[in-house]
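Heads up: the structure comes next, in structure tokens.
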Amino acid sequence: MNTFIHKAKTEHYAIPQINVNGLIWIECILKVAEKTRSPIILGTTDKIIDFLGGYDFICKTIRNKIESMNITVPVIIHLDHGLTVEGCKKAVDAGYDSVMFDGSKLPIEENIELTKQVVEYAHKNNVIVEGEVGAIGGNEDGVIGNVQYAKLEDCINLAQKAHIDTLAPALGSVHGKYKGEPNLGFKEMKEIQETIDIPLVLHGASGISDEDLVKAIKLGHAKINFNTEINIAWSNELREVLTNDKSLFNPQQILNPSKKAIERTVESIIYKCQSNGKV
Ligand code: 13P
């Protein structure tokens, strides 16, 4: 995964991370990545790991799908917002390619120490690690928080002391729907990318303008995370189908249009990240 991320950083595009919320997400994301020849990251957020069936089940299911769908583009299975060191280790054991340890709510020294423990275990198993500094605001799977911009000094310390592979510095983005306009800290982004030579990760990309995404990519973001945008498209379509025909009960008839909505949204995200045709 490191090779793909570094290639994206050097060539100024980003690999999209699309969050998985169930089996249909896996199929739709893989289908579109293959069609557009884009490397892709399938993210499973730790908060809903039981809902998804657990680390082992979801990782094996994704791998089975990659094989049965004859997917030839690089697919990275990533643990999003790992909540504990133990959880990250379980994901590594289950066969994930990449894990994020989110110690952003902890005092920085504790964040560094726990991230370091994850890195030591992950690197021994050829798994890469994403760390986070500052606070990404908004509502993610029921957890609500305020934006807190990442401090440059904390970014340097986490990168150098914990030896992470990618860094998610919170710079004004939020998970879920934005209240008002997103206000990304491009000045801080520039400072971080000029000081630390590490691929950056942008969380909370749903609702950020195409123009701002391009700027973020130019300033070192090589991985961009999307969840809400896809879920809005999926749920809008599902609602419409059920409202338009109240007699429907066949799951395929109900779900197929919403699968198309996921596919359309993932395709537009791949183009926004400019990762199409990069394989
Ligand atoms: P959105 O839900 O805002 O797209 O953010 C997704 C994300 O950052 C997952 O880590």
Tell me, yes or no, whether segment 144-156 has at least one residue that is crowded, with 22+ Cβ neighbours inside 10 Å, outside any loop (DSSP other than H, G, I, E, B) and within 16 Å of the chain's Cα centre (by Cα). no
Does Lys187 fit the bill of being farther than 25 Å from Val129 by Cα and basic (Lys, Arg)? yes
Tell me which of these Val118 doesn't satisfy, since it passes every other one: (1) in contact with a Lys or Arg (Cβ under 9 Å, 6 or more places away or on another chain); (2) within 16 Å of the ligand (Cβ to nearest atom). (2)
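Can we say Lys179 is outside any helix (DSSP H, G or I), farther than 29 Å from Gly53 by Cα and within 16 Å of the ligand (Cβ to nearest atom)?
Yes: the conditions hold for Lys179.
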Considering only residues that are within 14 Å of the ligand (Cβ to nearest atom) and either part of a loop (DSSP other than H, G, I, E, B) or among the hydrophobic types (A, V, I, L, M, F, W, C) (or both), which ones fall in segment 1-39? Ala14, Ile15, Ile18, Val20, Asn21, Trp25, Ile29
Please specify each residue of segment 204-243 satisfying the condition of being near the ligand (Cβ under 9 Å from one of its atoms) and touching a Ser or Thr at 6+ places or on another chain (Cβ under 6 Å). Gly204, Ser206, Phe226, Thr228, Glu229, Ile230
Those residues of segment 50-75 which are touching a residue at least 24 places away in the same chain (Cβ under 8 Å) and among the charged types (D, E, K, R), in sequence order: Asp56, Lys60, Arg63, Lys65
Which of (1) modelled with pLDDT of 90 or more; (2) buried (at least 24 other Cβ atoms within 10 Å of the Cβ); (3) more than 14 Å from Val129 (Cα to Cα) does Val174 not meet, given it meets every other one? (1)
Conditions (1) more than 15 Å from Gly220 (Cβ to Cβ); (2) within 17 Å of the chain's Cα centre (by Cα); (3) modelled with pLDDT under 95 -> Glu132 fails only (3)
Is one or more of the residues making up segment 244-252 within 20 Å of Lys7 (Cβ to Cβ), part of a helix (DSSP H, G or I) and either more than 16 Å from the ligand (Cβ to nearest atom) or aliphatic (A, V, I, L, M) (or both)? no
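The values are calculated or read from the model by the stated rules, or taken from the named source; none is laboratory data. All figures in this text were calculated on a predicted structure; none of them were measured in a lab. When we count neighbours, we look across all protein chains shown, and the Cβ atoms used for this are built from the backbone with ideal geometry, even at glycine.
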